[in-house]
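First comes the structure, then the notes that go with it.
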Amino acid sequence: MNIIHAENIQKSFGDFEAVKGVDFKVPQGTCVGLLGPNGAGKTTTMRMIMGLSSLSAGSLKVFDTPVDKVTRAEKMKIGLVPQEDNLDPDLSVRQNLEIYGSYFGLEKSFIQQQADSLLEFMQLGEKANNRVNHLSGGMKRRLIIARALIADPEFIILDEPTTGLDPQARVLIWKSLLKLKDQGKTLLLTTHYMDEAQRLCDNIVIVDGGKVLDEGSPKELISRHVKNHVFEVQKPVPEALQDSDIDHEDIGDSVLYYVNNPDKVKHLLPDGITYTQRVSNLEDVFLRLTGHKLRE
Ligand SMILES: Nc1ncnc2c1ncn2[C@@H]1O[C@H](COP(=O)(O)OP(=O)(O)O)[C@@H](O)[C@H]1O
Ligand SMILES: [Mg+2]
C-alpha cells in the first residue's frame, strides 16, 4: 500500500508556479527522501500532504484517501516535523509534549506515558523540566521530533530535521529515525545532506524548480547518473582524456570524469597530473542533476 500517491500535483501562488506537476509515491514502511535546492518546492509539497495548503491541480492521496477527504482520525496517524522551530519557548520540554498531545484529544494518562517514553527515546529525559529556550539547537529538533510522535503516528513527515545541526546531533537523530523505520513506520524526509539521504532513504525523489528530475534508490541514481567512480582532474586536462568519450562534467577549475572501471581514466593520466579519485555518491548525482550554480 502507498501512504502517499501524488500524481501531477501542482501549486501556484498567484502567477508563480512553485510545484509544476510532481509525481511520487511513498510505500508503507519505507523512507522516501525529497531532495532539492532551496526553493525546489519541498515544503510546499509537504504542506499539501498535510492539508495545510490546497492543490492547484493534480491528484494527491493520503492513506488512499483524496487529501481533501482525509478524516481527523487519519490525520492523527501523521506526525509532522516542520522546517521551522515552532516550540513554545516559555513552556518546559515536557509541557510542550503534553499540550501538543492534548490538541489531539488524547487521554491524559496516554499522553503522560507517551511523553515519558518519547523523552527517553529522543534522549531528553534530563531536560524534561527545562524551559525550551534553554535547549541547544539539536535538543530543540529532537523535541520537535518527539512532539510529532506523541499520538504514535504511522507516517512521519520531516522537513529538514537536521539542517544547521552539528555532526553529533545529526547522528543522534539518524539513529532515532532508523529505529522508527525498524518499528515499521513510514517516513517522508527532506534534507540538504546527501549523506543523510543515502543513509536513511530507500527511495529518493530529486526535485528542482517544482519538477521531479529523477527518482530511484540511492544505488540506482548513482549508477544511472555518475557510475561508480569519480575522478576530479584539475585543468588543463590531458588531451588524451579530453579526446576520450568518457562521461564528464566541467565544473570550472577542474573536470569530473565518471567511470565504472577506474583504469579507463587512469591510463589516460600521465605522471604529474593533479587529480583525486573516489567512489561516487549521491552528492555527485545531485550536483549533476541540479547544476553547480549557487541558489539563494
Ligand atoms: N505562501 C507563498 N506565497 C508565495 N510564494 C511561496 C509561498 N510559499 C512558497 N513560495 C515559493 O515557492 C517556492 C518553493 O518554496 P518551498 O516549497 O518553501 O521550497 P523548498 O522547501 O524546496 O525550499 C519558493 O520560490 C518560495 O518562495
Ligand atoms: Mg523548505
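What follows is calculated from the coordinates using simple rules that are stated; it is not laboratory data. Note that the coordinates shown come from a computational prediction; the quantities given were computed from them, not determined experimentally. Here the Cβ is made from the backbone with ideal geometry for all residues, glycine too, and neighbour counts use every protein chain on show.
Would you please give the FRET efficiency between D116 and D214, computed as 1/(1 + (r/R0)^6) with r the Cβ-Cβ distance and R0 = 30 Å, to the nearest 0.05?
So the FRET efficiency works out to roughly 0.10.
Just going by the charge dipole of the chain, with Lys and Arg at +1 and Asp and Glu at -1 on Cβ, which of L97, P82, V285 is farthest out on the positive end?
L97
Please give the peptides 148-157, 122-131, 7-16 ranked by average Cβ packing (other Cβ atoms within 10 Å per residue), highest first, as a rough proxy for protection.
Order by mean packing, descending: 148-157, 122-131, 7-16.
Specify whether the C-alpha gyration tensor of the stretch 156-296 places it in the rounded, prolate or oblate class, a ≥ b ≥ c being the square roots of the eigenvalues: rounded for a/c under 1.5, otherwise prolate if a/b is larger than b/c and oblate if not.
Prolate is the answer for the stretch 156-296, as a/c is 1.5 or above and a/b outweighs b/c.
Please report, ordered by residue number, every helix of the chain (full DSSP H runs) that is 20 Å or longer along its axis going by C-alpha atoms and whose mean Kyte-Doolittle hydropathy reaches -1.0.
Flagged H segments are 167-182.
Once you have the Cα-Cα distance between D195 and F104, take 0.36 nm times their residue separation minus that, and quote the gain in nm to one decimal.
So the extension gain works out to 29.3 nm.
I want to check the label-to-label distance for F13 and Q95. Put each point 7 Å from Cα in the C-beta direction and report it in nm to one decimal.
The answer from the label model is 3.3 nm.
Suppose the chain between Q234 and L178 were pulled fully straight at 0.36 nm per residue; how much longer would it get relative to their current alpha carbon spacing?
Working it through step by step, the gained length comes to 16.3 nm.
What shape does the stretch 1-59 take by its C-alpha gyration tensor, where a ≥ b ≥ c are the square roots of the eigenvalues and a/c under 1.5 counts as rounded, a/b above b/c as prolate, and the rest as oblate?
prolate
So, with +1 on the Cβ of K and R and -1 on the Cβ of D and E, and no other charges, what is the size of the charge dipole of the stretch 2-222 about its Cα centre, to the nearest 20 debye?
Roughly 300 debye, rounded to the nearest 20.
At a threshold of 8 angstrom on Cα-Cα distance, excluding pairs fewer than six apart, so keeping six or more, what relative contact order does the chain reach in percent?
21
What's log10 of I(q)/I(0) for the stretch 2-222 at q = 0.12, 0.13, 0.15 Å⁻¹, Debye sum over Cα points only, no solvent?
Summing over Cα pairs of the stretch 2-222 leads to -0.63, -0.74, -0.98.
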